[in-house]
Amino acid sequence: MASLRLESDREQSVVGHLEEFSARVSVVLLVLAALTVLFSRRTDDVLIEWLHALAPCDDCMVVFEPGAWIGLRWTAAIVFAGLLTLPLVVQQAVAFASPGLLPGERRRLALGLTFASTVGVAVGVASGGFAAPYVYTNAMRTVDSTGLVLALDAVTLVELTLALMWIIALLGAATGAALGAGLLGRLDRERVVT
């Protein structure tokens with residue numbers, strides 16, 4: 001089987017690839033851990049502000065399990081750190097794949113990963129910042145019309161919103177990737193064009 005080899009290509013064993021991959025993942029995880037620790041100190045303030053925006057009522061928010069609040073704080077810190085680490089992940093992915101790509105492919109990979117991650121984050125933040133409060137407020141109106149007294153668990157409300165944001169962000173990123181591939185002419189009706 002013939003292979004395409006460029007002047008700049010060099011032989012690298014599978015073990016060499018794995019070592020490079022593990023070194024790049026280690027850098028990302030180290031930055032993620034450091035940012036998580038930094039954000040863990042300020043997470044309460046951010047969560048309380050977000051709860052004020054999410055809560056459909058002022059006096060119905062309750063924390064039923066204080067231990068769950070601690071877990072939520074760490075989850076939020078990891079999510080915030082992950083968002084800030086995303087550009088590094090894109091850079092490391094492009095740097096890892098670059099030796100095996102042509103210049104045009106390298107550029108498309110960088111643009112595609114940047115576009116997909118940007119769309120995913122934007123859609124996720126929009127759903128958590130605007131869509132979720134709208135849905136919760138409408139749900140509160142429905143509960144009020146029935147005459148029931150509402151008591152919402154603050155931790156569950158934020159966890160539900162984070163889960164919905166994650167799902168919508170992944171769908172947004174996948175849609176962004178597909179849209180970008182379509183705009184670049186990499187998709188047609190029968191096959192994916194490489």
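Annotations for the structure displayed:
- Rg then Dmax, both in Å and based on the Cα atoms of the chain: 22.0, 76.
- With all protein chains in place and ligands, DNA and RNA left out, the 1.4 Å accessible area ranks Glu105, Glu49 as Glu49, Glu105, largest first.
- Taking the Kirkwood radius as Rh and the Cα radius of gyration as Rg, region 1-109 has a ratio of Rg/Rh equal to 1.22.
- With contacts taken as Cα pairs under 8 Å at a separation of at least 6 residues, region 99-179 carries a relative contact order of 59 percent.
- Fluctuation leader among Leu51, Leu148, Leu170 - the chain, Gaussian network, Cα springs under 10 angstrom: Leu148
- Considering only Gly16, Gly100, Gly120, the Gaussian network model of the chain with Cα springs below 10 Å gives its largest mean-square fluctuation to Gly16.
- At R0 = 25 Å, FRET efficiency that the Cβ-Cβ distance of Val149 and Ile70 yields, to 0.05: 0.35
- Using C-alpha pairs below 8 Å separated by at least 6 residues, the relative contact order for the chain is 27 percent.
The values are calculated or read from the model by the stated rules, or taken from the named source; none is laboratory data. Predicted model only: the values in this text are computed from it and were never measured. Neighbour counts are summed over all protein chains in view; Cβ atoms, including those assigned to glycine, are modelled from backbone coordinates with ideal geometry. Accessible surface is based on the protein model in full, side chains and every heavy atom, while ligands, DNA and RNA are left aside. Shrake-Rupley method; radii C 1.70, N 1.55, O 1.52, S 1.80 Å.
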